[in-house]
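None of the figures in this text is laboratory data; all of them are computed from the coordinates on show. Because the structure is a prediction, the values reported are computed rather than measured. No Cβ is skipped: glycine too gets one built from the backbone with ideal geometry, and neighbour counts run over all protein chains shown.
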Amino acid sequence: MPRPQPLPEDLPEAFAVASAVSLGVSRNRLSRSDLSAPFYGVRTLHPREPEAGDVVQRCLRYAPRLKDWQFFSHETALALVGVPTPEWPHRLRLHVSAHRPAREPRTSGVVGHRLQLREPATQASLHGLPVEHPARAWRQAGTLWGFEDLVAAADFLISGPAPLASADDLRAEIRVMGDVCGGLLRAALARTRPGVRSPRETRLRLLLEDARLPEPQVNWELRDRHGRFVAELDLAFPAWLVGAEYDGRVHAHDPRQFERDADRWDRIRAEGWNHVRILNHHLRGDGAAAVSKVRDALTQAGWRPGR
């Protein structure tokens, strides 16, 4: 079989069929095996499909189909700005929206939404893709996600040195557009806390609170008797000198990081604190193992239920 004819150099990695045809590319050339058709009317230069979890690549492949009035929304918009999404087996789908009276897309592989007529609030993601405002996207995700995932997403949105939204933004979006069934969003927002660093930290905090343990302080700064900084604790119970932290072991194969962590744990214990490390297997299932470890530490420190 003869080698495929080179494509025009100004075609991007993913391009609309109509754009290629306007540059003189034949329909026969666009059907060759060195190109893939991830969506109707789109071709990409790399036939291999992206991983199911690679939302950015999936969106970039769909981008040539976007109309000027369309944008990524719901859980897709949240993922594109870095918000943690539900873990497996949840599979994130591509959601594309338009405000009435404009039309949403109707094609395989995409969930289209025609939203109420209101002032658009779209912005550009790090990859230049048009996305819904994070506060609006969070409310939209309320019809797709469970309680814990919504809390984790809200924790992320209102945290960090440059929060993507404020609690007031989320509250205002619920007030303007309404809550979802059962008041799920208001309930999730009531459990949201600033400063949380990961969805597993959110899960651990919710587990401890649901078990009727004292509410922990989030990312609490531990200082020595001279006021010098010792460590920042994920979840702290200062009245009982107990600190609980989720240890994802992402650096388990980095000896230097492990050494720094071990020295940090020693410094925390030297201040009289009981440092409780929660690993991934402690959170499996209903998380009873994680709750038991923290409850035991609090009990040993003198805490009693109802006191």
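Tabulated values for the structure
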quantity: Top of Gln70, Gln57, Gln257 by mean-square fluctuation, Gaussian network on the chain, Cα under 10 Å; calculated: Gln257
quantity: Fewest-first ranking of Ser73, Ser31, Ser166, using other Cβ atoms within 10 Å as the exposure measure; calculated: Ser31, Ser166, Ser73
quantity: Beta bridge orientation in segment 55-190: antiparallel %, DSSP, nearest 5; calculated: 40 percent
quantity: Residue-span extension gain [Glu148 to Asp210] - 0.36 nm each, minus C-alpha spacing; calculated: 21.1 nm
quantity: Rg ratio (alpha-carbon, reference 2.2 N^0.38 Å) - segment 140-233; calculated: 1.22
quantity: Shape call, segment 7-48: gyration tensor on alpha carbons, a/c limit 1.5; calculated: rounded
quantity: Cα-based convex hull volume of segment 229-284 per residue, rounded to whole Å³; calculated: 83 Å³
quantity: Sum of -39500 (n - 2.57) over DSSP H runs of 4+, divided by residues of the chain (222 nm, nearest 500); calculated: -9500 deg cm²/dmol
quantity: Segment 35-89: projected area of the alpha-carbon convex hull, averaged over directions, in nm²; calculated: 4.5 nm²
quantity: Linear extension gain, Glu271 paired with Asp286, 0.36 nm per residue minus alpha-carbon span; calculated: 2.2 nm
quantity: Distance in nm between pseudo-label sites at Asp68 and Arg114 (7 Å out along the Cβ direction from Cα); calculated: 2.1 nm
quantity: Cα principal axis extents for segment 55-190, largest first, Å; calculated: 39, 31, 30
quantity: Cut-off of 10 Å, at most 15 other beta carbons, DSSP loop: longest stretch of the chain lacking such chymotrypsin sites (Phe, Trp or Tyr not before Pro); calculated: 70-307
quantity: If the convex hull is drawn through the Cα atoms of segment 199-300, its volume per residue in Å³; calculated: 97 Å³
quantity: Label point distance in nm, Leu184-Arg100, each placed 7 Å from Cα along Cα→Cβ; calculated: 2.3 nm
quantity: Cα extents of the chain along the three principal axes, largest first (Å); calculated: 77, 48, 36
quantity: Radius of gyration and Dmax over the Cα atoms of segment 1-105, both given in Å; calculated: 15.8, 49
quantity: Two-site FRET efficiency, Ala172 against Ser26, from Cβ-Cβ distance with R₀ of 51 Å, rounded to 0.05; calculated: 0.45
